[in-house]
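Q: Before anything else, here's the structure in question.
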Amino acid sequence: MELLIAIIIGVLTACGVYLSLRGRTFPVVLGLTFLSYAVNLFLLVMGRLTIGSPPIISDKVANYADPLPQALVLTAIVISFGMTAFVIILSLKSFLEMGNDQVDGKHRP
Amino acid sequence: MELSLIALTPFLGAGFVSAISRLGRLHAAWGAGIVTLVALLILLPFITDAFSGHVLVQSIPWIPLLGMEFAFRLDGLALLFVLLILCIGLLIILYARYYLSERDDMGRFYAYLLMFMGSMLGIATSENIIQLLIFWELTSLSSFLLISYWQMRHESRSGARMALAVTGGGGLALLGGFLLLGEIVGSYNLTDILASGYLIRNHELYLPMLILVLLGAFTKSAQFPFHFWLPNAMAAPTPVSAYLHSATMVKAGVFLLARLFPALSGTSAWFWLVCFTGLVTLVVAAYIAMFKHDLKGLLAYSTISHLGLITLLFGIGTPMAALAGVFHIINHAIFKASLFMAAGIIHHETGTRDMRILRGLWKHMPHTALLAMVAAASMAGVPLFNGFLSKEMFFAETLFVINQPWGWLLPTMATLAGIFAVAYSLRFIHNVFFDGESTDLPKQPHEPPRWMKVPVEILVALCLLVGIFPALTVEPILAAAASSVLQGPVPDHDLAIWHGFNTALFMSMTALIGGVIVYLARKPLFSLQERVESLLDFRALYEFLIEKLFAVADTITHFLNKNSLQRMLFVFMLFVLTLGIYGAMATDNDYGLTGERDILPIDGVSLLIAAVLVVATAATAVMHRQRLISLILLGTVGLGISLIFVKFSAPDLALTQLSVEVVTIVLMLLALYFLPQQSPIESGNWLRSRDALIAATAGGGVTLLVWAVLTRPYESISNYFLENSLPGGGGTNVVNVILVDFRGYDTLGEITVLALAGLGIYAMLEHLKIAGASHDSEGRAWDEDLHPIIMASFTRLLLPLALLVSMFILLRGHNLPGGGFIAGLVTAVALVMQYLANGVIWTQQRLPINMHKVIGYGLLIATCTGLASWIFKYPFLTSAFSHIHWPIIGEFELASAMAFDLGVYLVVVGATLLILVYLGLIHHQSHQMKHRKRIR
């Protein structure tokens, strides 16, 4: 299972890096989204993999999943939504103002 | 904590003053006066204690972890400065009320002035030296604002910038010095530092620390070679020059010398550095002052010279010299502030400060002239005036090295500076008030308004009182201040005008007679000076240095920034990769890649999902030019991620991810409609292979890293949260309890960020109008059926259910998966569905909610929940909970964290909807514009 997760995070990272190096804004936004997926997963699994025992206190469970990375990731998901929203609107605005959607934002002559 | 109020009152007053200045022009002046009086009243109960040599220290913990305290101290020296700052401040406030013209904004002036006053009081009363440094920098900042008060003038702006650059640079040096000092002593409190003089002086870090501290003091007190900023700061309004640049701020440097005198003085390094700087400043500035044609320029150089004198006295280092230094601080503040005010009156009434034009004002303003004469006589060191007393003590102290080789140099130079001082004082009086009749004054001169002279009169009266009856007037405060400077008994001294015929008197007389002779012979001196003037131009040197600094910065920036974000990002990725690979190589790795932790077995479903995820991710990268397809693939990946969260015991994360995914995809779809539908191929094969190589390396590296970490055992700090969640936070869902309780402060920060992102997006979208395309990129017409009836009907049915679910999730969040974030997102999704199905206008009419307010209330609720715990004397955001029994429903838990969660919920709903609804509105307008086009 660890290997699968490692591969998934690796592929997400690779895809995110590749897309964020593109020259147009939309793929870059996608790339950033992939990178935040990768980072969120990475953070979560730093608490190691635990199956079937969520960190909800009960008498039946002895080994809970680590709640701390989960709390970190929960807010990270919401913040990355805020960031993605901001970036996509920014790219929309720059497309409308400059007439092209290049990352380097060359102004209309 | 009454002591802290002395320094904090003016800061509070600054806001008060700028607020009431809207009500009337003069309100600000009255307000500032009242604030100053209040500060004096707060000081009143402590005065007797401080006079009797008692040191009062009050402190509250600030950053206890670092041993930092918010601490104030009132001893004799602090009392002296507090009195100087407040009393002269009061006079300045009165004076400025007449000085400022109709066009000047009084509220702004007095607010800045009070800010400065507070910072200066903070320096005087700080017990903690880091806190002292903060106030120190605040004086630099408020002085910057005051010098540049007349912002439209170029010389105001450049003078302010120069003052800030020099004193700010000195402040940095001082920070370094203070850190070293704290390191040596092991404490940042003055009480400890003053008691560890022996330890400090014998420490190996003494010399670097001393140099850094002195750099701070010398830049602030305009000592050679940093003196050039002070004459350029004369672009400030004259009340500012009188207050900051003669009586108070420039005294901060010598205050620091006095404050740290017991800890730092008494070494040869101290003697040579401080004495030499003081002596050079004393002589050079006095010499330059003689040749300044600008009234304020003359006074500025005279101030520098007198500061040099005080510095020199502290450098000499004998107890008597330190006492004389303190005495001269008092005297100089009194006569120089009155001279500046007199210069301001002359400028105010004649329209010029140029001594080549000013002549014979005695006829027009005899009263002002008389006042100026007394003050100038004091500056020159004429007997019967206060300046004479401290100057004679100074002359006497320069003699203490007379038996050393070259020992005659010090008294000789001191006498020479005295001669110059007499000459420029004489020039100030003779040139301005006598010497014929002026012909080309910009204004017809006459006496100023009655009350404008009152502050000058008070100060001049003090010059005389101190000068004639020193033992009756100044002795108590001088003794109190000197004893706290020396941290010991005050040496025997006799504050009298007549000490018999001694060397000091001889030096004084030589200075007086020599000064008159120099002034009479001024004509050839002036022509000589004009030829050598350019040799000593430090302003030009400063500007040259600044210019070179900017050029270097420009070169570096242009080297790094090639004006392409794409390229920058590439460099960044490459850099991170290099760091990562280097780190992996450099680590001494005895353990191998795989650790000893047991591996979980792979099951079929997981394998399938992983395969789908990997394929979808890779496909997005490959097909990213087809934007819609790549977006759909992104959605798939997001759902896959939430399944991973489910698998690995993170139900909260799965719920969050699921709802965020929906919102994100909707948002991106809305935006994509206006963007090009495809990305053209731009980069060549080589470039794409290069990027792919970097991406693959990064991905491979991360994979190895994750593998290496996951196969190793670990220790977690989470046990604390697991154990305390129920007894301490009252909830069984540990993730939620961490969010709203243990780490509630972080969550508050995060929802603030989200709110800001929402508002930022709103700002970008406001007033944006876009004409929508009628065809997609392949020429197919867009469907005109905007709101299909089936979807519209279903979502209306669904809404109450969805809202009910979100409420359920919100309420149970403390104990079961859920909470404010998730509930907020579910509500947002439910409402967004309505907007999608029925159109923005239709929904807005039925749901007239201002999302800005929702965000605002959310933040308010969350913050107030945190503040509420302060009322019960708990740290910010401590949660309280209890169980109550409701009829029918049964046992129900009520926690203050639930109110916090409600705040989170509102912010999430508000921000999400704000973003989506505004983008939706733009869509609506674009469709209308399209229709109109067609009808036309």
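The values are calculated or read from the model by the stated rules, or taken from the named source; none is laboratory data. Just so it is clear, the structure is predicted and the values come from calculations on it, not from any experiment. Virtual Cβ from ideal backbone geometry, glycine too; neighbours counted across all protein chains shown. Surface areas here come from the heavy atoms of the whole protein model, side chains and all, with no ligands, DNA or RNA. Shrake-Rupley method; radii C 1.70, N 1.55, O 1.52, S 1.80 Å.
Q: Which of the residues belonging to the range B:17-64 are in contact with a Ser or Thr (Cβ under 9 Å, 6 or more places away or on another chain), farther than 23 Å from B:LEU132 by Cα and not in a helix (DSSP H, G or I)?
A: none
Q: How many residues are assigned to a helix (DSSP H, G or I) and either at the interface with chain B (Cβ under 7 Å from one of its Cβ atoms) or open to solvent by 50 Å² or more (accessible area, probe 1.4 Å) (or both) if we restrict to the range A:39-77?
A: 15
Q: Where in the range B:170-284 are there helices (runs of 4 or more DSSP H), lying fully within it, with 1 or more residues that are open to solvent by 10 Å² or more (accessible area, probe 1.4 Å) and small (Gly, Ala, Ser)?
A: B:190-195
Each row is one residue, and each column tells you yes or no for (1) more than 24 Å from B:VAL326 (Cβ to Cβ); (2) at pLDDT below 80.
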site	(1), (2)
B:LEU37	yes, no
B:SER59	yes, no
B:LEU65	yes, yes
B:MET68	yes, yes
B:ASP75	no, no
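Q: Filtering the range A:1-33 down to residues that are more than 7 Å from chain B (Cβ to nearest Cβ) and either within 10 Å of the chain's Cα centre (by Cα) or closer than 27 Å to B:PRO601 by Cα (or both), which residue is surrounded by the fewest Cβ atoms within 10 Å (Cβ to Cβ)?
A: A:LEU32
For (1) open to solvent by less than 60 Å² (accessible area, probe 1.4 Å); (2) of a type in the set (Phe, Trp, Tyr), each residue gets a yes or a no:
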position: B:TRP30; (1), (2): no, yes
position: B:VAL35; (1), (2): yes, no
position: B:VAL55; (1), (2): no, no
position: B:GLY67; (1), (2): yes, no
position: B:PHE72; (1), (2): yes, yes
position: B:GLY76; (1), (2): yes, no
position: B:ILE93; (1), (2): yes, no
position: B:SER101; (1), (2): yes, no
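Q: Could you count how many residues in the range B:707-729 are over 17 Å from B:GLY592 (Cβ atoms) and β-branched (Val, Ile, Thr)?
A: Looking only at that region, the number is 1.
Q: Which numbered condition in (1) in contact with a Ser or Thr (Cβ under 9 Å, 6 or more places away or on another chain); (2) within 17 Å of A:ILE8 (Cβ to Cβ) is the only one that B:ILE641 fails?
A: Failed condition: (1).
Q: If I ask for residues that are farther than 30 Å from B:LEU633 by Cα and in a helix (DSSP H, G or I), which ones from the range B:581-610 would you list?
A: At the first step, the residues of the range B:581-610 found to be farther than 30 Å from B:LEU633 by Cα are B:581-599.
Matches in the range B:581-610: B:ILE581, B:TYR582, B:GLY583, B:ALA584, B:MET585, B:ALA586.
Q: If you don't mind, another one. Under 30 Å from A:ARG22 (Cβ atoms), free of Cβ contacts under 8 Å to residues at least 12 places away in the same chain and of a type in the set (Val, Ile, Thr), is that true of B:VAL706? Walk me through how you get there before you give the answer.
A: Details: under 30 Å from A:ARG22 (Cβ atoms): yes; free of Cβ contacts under 8 Å to residues at least 12 places away in the same chain: yes; of a type in the set (Val, Ile, Thr): yes.
Yes: the conditions hold for B:VAL706.
Q: For the range A:96-109, what are the residues that are more than 7 Å from chain B (Cβ to nearest Cβ) and assigned to a loop (DSSP other than H, G, I, E, B)?
A: The answer is A:GLY99, A:ASN100, A:GLY105, A:LYS106, A:HIS107, A:ARG108, A:PRO109.
Q: For B:TYR714, all conditions in the list (1) of a type outside the set (Asp, Glu); (2) part of a helix (DSSP H, G or I); (3) open to solvent by 30 Å² or more (accessible area, probe 1.4 Å) hold save one; what is the number of the exception?
A: All conditions pass for B:TYR714, except number (2).
Q: Being of a type outside the set (S, T, N, Q), without any contact (Cβ under 8 Å) to a residue 24 or more places away in the chain, facing chain A (nearest Cβ under 7 Å) and part of a loop (DSSP other than H, G, I, E, B) is the filter here; which residues of the range B:656-695 pass it?
A: Hit for the range B:656-695 is B:GLU682, nothing else.
Q: Residues that are of a type in the set (Lys, Arg) and more than 8 Å from every other protein chain (Cβ to nearest Cβ): does the range B:737-746 have at least one?
A: No, the range B:737-746 contains no residue that is of a type in the set (Lys, Arg) and more than 8 Å from every other protein chain (Cβ to nearest Cβ).
Q: Residues in the range B:520-566 that are at pLDDT 80 or above, within 30 Å of B:HIS430 (Cβ to Cβ) and outside any helix (DSSP H, G or I): how many?
A: Result for the range B:520-566: 1.
Q: From B:VAL854, B:VAL832, which residue is in a helix (DSSP H, G or I), within 13 Å of another protein chain (Cβ to nearest Cβ) and either within 19 Å of B:ILE922 (Cβ to Cβ) or in contact with a helix residue (DSSP H, G or I) (Cβ under 7 Å, 6 or more places away or on another chain) (or both)?
A: The match here is B:VAL832.
Q: Determine which single condition A:LYS93 fails, assuming it passes every other condition in (1) open to solvent by 40 Å² or more (accessible area, probe 1.4 Å); (2) at the interface with another protein chain (Cβ under 7 Å from one of its Cβ atoms); (3) within 19 Å of B:ASN563 (Cβ to Cβ).
A: Every listed condition holds for A:LYS93 apart from (3).
Q: Is it the case, given these coordinates, that B:VAL456 is under 18 Å from B:HIS332 (Cβ atoms) and crowded, with 24+ Cβ neighbours inside 10 Å?
A: Yes; evaluated as a whole, the condition is true for this residue.
Q: For the range B:612-641: of the residues being open to solvent by 50 Å² or more (accessible area, probe 1.4 Å) and within 10 Å of chain A (Cβ to nearest Cβ), which is modelled with the highest pLDDT?
A: The residue in question is B:VAL615.
Q: Moving on. Let me confirm something: among B:ILE644, B:ILE581, which residue is facing chain A (nearest Cβ under 10 Å) and either among the charged types (D, E, K, R) or under 23 Å from B:ALA708 (Cα atoms) (or both)?
A: After ruling out the rest, the residue left standing is B:ILE644.
Q: Quick one: is B:LEU653 more than 15 Å from A:THR75 (Cα to Cα), at the interface with another protein chain (Cβ under 7 Å from one of its Cβ atoms) and open to solvent by less than 30 Å² (accessible area, probe 1.4 Å)?
A: So B:LEU653 does not fit the description; no.
Q: Next question. Being under 39 Å from the mean Cα position of the chain (by Cα) and open to solvent by 10 Å² or more (accessible area, probe 1.4 Å) is true for just one of B:GLY351, B:GLY308, B:GLY315. Which residue is that?
A: From the options B:GLY351, B:GLY308, B:GLY315, the qualifying one is B:GLY351.
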